[in-house]
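Accompanying notes for the structure given below.
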Amino acid sequence: MKTLNLKKIISISTLASILLTGCGSSSSDVTLAATTFDGQLVDNYVENADYVCGDGETGVTTLNGNFSCKSLPITFSLAGLKLGRIVEMTADKQIFPQDLVGVDRTDTNNAEVVAMARFLQSCDEDREPRNGIKILQNAKDALVSYDEDFVASNLDTYAQDVNVTLVDENISLEHLTSTVELTDAINQISTTLPTELQDALLSVQSTLSQDLTNALSYMGNEERLAYDIYNKLYSTYPDVKQFTNIATKSEIAHIKTVQVLVQKYISEYARFTNIDLPELGYKNTDVLEMQAGTYDISGIQNLYNALIAKGETSKQDALEVGCMVEVTDINDLDRDILLSQYSNANDVTAAFDFLRNGSYSHYWSFDSGLKTIGVTEGCCSLGVMDGVDYCHPEYPQNAQKGSGMGH
């Protein structure tokens with residue numbers, strides 16, 4: 001065990017003291033950086049709502065419902081109609097009507113919560129809350145003379161004064177509930193995701209092309225395929241640690257990331273036009289409860305069967321299967337990322353980029369495994385098969401460094 005160098009510790013302490021006193025500072029002059037309370041007003045993300053910080057600073061929520069204050073409490077309103085206030089920041093930095101009313105997130109049937117959700121959605125500029133709620137400026141203008149707290153019993157009066165037709169209560173409640181569930185799903189995997197990906201997922205919906213919608217289905221099945229293959233081959237070759245490390249540390253996070261995207265964008269399986277088999281409950285089923293080796297897409301089903309047959313032939317074949325899976329995944333993601341960029345779907349792009357970075361890392365892990373057993377060219381020993389090149393020295397080797405997905 002290393003011995004602490006007391007002289008070095010004293011020197012560092014003395015140097016810090018000299019630097020402070022040399023600048024004319026005293027201990028009373030040293031202040032901590034001001035805390036900033038950043039968050040999002042949600043039902044979906046509410047843009048153009050007003051807020052007042054504890055220090056009197058004011059602001060207006062932006063596209064993704066973002067707000068920022070240096071002090072609490074924070075009061076939210078539409079002009080003079082006060083929606084509510086928070087006296088402390090929520091753990092996930094999301095502020096729902098439930099938080100403004102002061103009830104549990106799960107209490108979506110609370111009368112005040114339902115009324116507020118309906119009113120916010122009814123004041124949406126395009127009356128399509130799935131792509132975010134942008135509060136009509138005319139609605140705010142009509143509320144300038146107000147100076148009161150939001151009360152559910154006055155909902156009809158508010159709607160009449162701002163000249164909007166109220167959204168159906170059941171539709172409004174369904175939307176609020178789905179938004180709560182999506183936020184919860186993202187929070188559950190947040191520790192496995194880079195911050196930029198979390199931010200991207202917690203943003204308004206984009207408009208996806210049918211090809212990109214189908215890509216979500218395909219990629220969800222493809223990530224499951226990798227997870228299933230690696231678990232299956234680990235049971236055959238338990239001394240090959242690449243399989244269990246990748247399956248448990250990365251592929252579960254990858255599957256759940258695509259599940260979140262499906263949850264965000266796909267309300268029913270009919271939206272997919274590339275599903276060959278009956279719905280397997282992919283969207284709402286825990287990874288560990290999914291039926292291994294069974295997929296919605298026949299092409300992936302056939303690929304799984306072929307790769308398992310090869311992988312169970314020998315340890316070298318098993319590691320080569322890993323190379324093949326990751327190159328296939330990367331090639332598909334290269335195509336899908338272009339689709340997402342064309343649709344300006346930044347959240348999908350960020351998610352697919354995260355998956356691709358993981359596949360780069362996995363490729364090099366299998367390459368190393370092959371070299372360890374004497375295959376000096378690693379994955380490159382596969383060369384080109386059926387028009388697919390499996391030799392990729394250009395792949396970055398530290399693509400996911402610091403993201404918790406490395407090996």
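For this structure, a couple of remarks:
- Using a Gaussian network model of the chain in which every pair of alpha carbons under 10 angstrom is joined by a spring, one finds that among Lys134, Lys82, Lys264 the greatest mean-square fluctuation is at Lys82.
- Too-long pairs where the Cα-Cα distance tops 25 Å, listed order kept, from Lys310/Lys371; Lys241/Lys371; Lys70/Lys93; Lys256/Lys310; Lys140/Lys264: Lys256/Lys310; Lys140/Lys264
- Descending semi-axes in Å of the chain, equivalent ellipsoid built from Cα gyration tensor: 46, 33, 16
- Overall, the chain carries a charge dipole of about 1680 debye about its Cα centre when +1 sits on the Cβ of Lys and Arg and -1 on the Cβ of Asp and Glu, all other atoms neutral.
- Cα gyration tensor, the range 327-376 - rounded (a/c under 1.5), prolate or oblate: prolate
- Cα-Cα pairs of the range 154-214 separated by more than 17 Å (percent): 63
- Tilt relative to the chain, helix 252-265 - C-alpha long axis, 0 to 90 degrees, to 10: 40
- Basic side chains Lys and Arg get +1 at the Cβ, acidic Asp and Glu get -1 at the Cβ, and with that the dipole of the range 281-359 about its Cα centre reaches some 100 debye.
- Farthest toward the positive end of the dipole of the chain, out of Gln198, Leu182, Asn66, is the Cα of Gln198, where the dipole comes from beta carbon charges about the Cα centre.
- Of all DSSP beta bridges in the chain, antiparallel share, percent nearest 5: 75
- Dipole magnitude for the range 195-389: about 300 debye, using +1 per Lys or Arg Cβ and -1 per Asp or Glu Cβ, origin at the Cα centre.
- Degrees, to the nearest 10: 6-22 long Cα axis against longest axis of the chain: 40
- Shape box of the range 47-115 [Cα atoms, principal axes, largest first, Å]: 33, 25, 20
- Radius of gyration and maximum dimension Dmax of the range 195-389, Cα, Å: 16.5, 50
- Highest mobility in the GNM of the chain, judged by mean-square fluctuation with C-alpha springs under 10 Å and restricted to Arg335, Arg356, Arg118, is found for Arg335.
- Relative contact order [Cα under 8 Å, 6+ residues apart], the chain, whole percent: 12
- Kirkwood Rh and Cα Rg combined as Rg over Rh, evaluated for the range 37-185: 0.92
- Within a Gaussian network of the chain (alpha carbon springs, distance under 10 Å), most fluctuating of Thr35, Thr213, Thr177: Thr35
- Relative contact order of the range 37-185, defined on C-alpha pairs under 8 angstrom at six or more residues apart (%): 25
Computed from the coordinates by the stated procedures, all read-outs in this text should not be read as laboratory data. As the structure is a computational prediction, the values presented were derived from the model and not from experiment. Because the Cβ atoms are built from the backbone with ideal geometry, glycine has one as well, and the counts that use them run over all protein chains shown.
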